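Okay, so here's the structure we're looking at.
The values are calculated or read from the model by the stated rules, or taken from the named source; none is laboratory data. Please read all numbers here as calculations on a predicted model, not as lab measurements. In this analysis, Cβ positions are derived from the backbone assuming ideal geometry, glycine residues included, and neighbour counts consider all displayed protein chains. Accessible surface areas use protein heavy atoms only, side chains included; no ligands, DNA or RNA. Shrake-Rupley method; radii C 1.70, N 1.55, O 1.52, S 1.80 Å.
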Amino acid sequence: MSRRRGRAHASVEKIALVDPRRAHCGRVHDVLLGAGKDSYWTDLQVGERLITEVPEFGLAAQAARMFLARAVHDVAADGIAQIIELGSGYPCSPNLHAVARRVRPSARTIYLDSDPVVAVHGRALLADEQTEFIHADITDTDTIVREIAETIDPAGPVAICFGFVLEFIDDPRAVVEAVTTILPPGSCVVLSHVTADQDTGPVADAAEIYRVNGIEFRPRRREEIAAILSGFDLMEPGLVAVHSWRPDAVRAGLNDAEFGWGNPTGECCLAAVGRLP
């Protein structure tokens with residue numbers, strides 16, 4: 001996958017200062033997944049408030065992460081050996097590169113996140129000859145496209161993953177369209193997105209908690225989420241609740257116990273995998 005292995009990102013990139021007084025959606029998400037050891041006090045407060053006051057939302061975040069792992073396993077089993085996760089957040093076991101390598105040992109992975117501290121952690125914990133961590137904003141599509149073009153094998157399909165992240169940007173369809181323009185046929189988009197159609201009370205409560213802490217959160221209706229994948233052929237079972245996407249398929253060592261969350265449900269979050277014709 002990589003045509004430029006061995007780049008010393010951490011040694012040459014000037015890491016911007018992070019304001020610990022402001023909550024960050026990625027670090028809050030880390031708290032929702034039961035980690036949060038690298039989050040700041042503000043992030044912990046927001047995450048714990050979401051878990052306490054809107055428990056359905058925390059369960060949906062966990063279910064969305066489990067969907068992401070199942071989907072990556074399945075696309076890797078179908079022959080995709082290049083995985084890209086945009087807005088990846090802190091490393092979260094089982095990480096996607098590890099899931100993909102269980103069925104396709106040659107799989108190569110790119111992680112990307114806008115938080116400079118996350119980028120440092122990611123490079124320290126995940127980077128190897130088959131894995132790369134890039135510090136960039138998910139809305140900086142010019143940078144993302146350039147990085148993808150310089151890194152992937154253009155002859156092979158790619159899976160680009162957006163897990164619980166498009167809710168935090170204004171125009172997700174434009175981002176998806178921009179970063180998939182250079183992908184070869186057979187590539188996939190793996191997507192989960194909170195919906196405003198189901199469990200409207202908890203979703204509204206979660207949105208308000210984010211808002212008062214300076215984070216724009218945009219749940220969308222089912223038809224808006226479907227439109228993000230316009231032009232892609234949806235793999236079975238289509239656009240469904242995250243916990244309903246292929247929940248019973250046997251996957252190499254990938255089971256509920258590995259995540260430590262039991263079997264969370266997420267009616268307020270939809271998921272799909274779209275394949276580029």
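Values as computed for the structure displayed
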{"quantity": "Scope segment 75-114; condition surrounded by fewer than 22 Cβ atoms within 10 Å (Cβ to Cβ) and of a type in the set (Asp, Glu); matching residues", "calculated": "ASP78"}
{"quantity": "Tally of residues being surrounded by fewer than 17 Cβ atoms within 10 Å (Cβ to Cβ), of a type in the set (D, E, K, R) and assigned to a strand (DSSP E or B) across segment 194-236", "calculated": "1"}
{"quantity": "Segment 144-177, subset in contact with an Asp or Glu (Cβ under 8 Å, 6 or more places away or on another chain) and in a helix (DSSP H, G or I), residue most open to solvent (accessible area, probe 1.4 Å)", "calculated": "PHE168"}
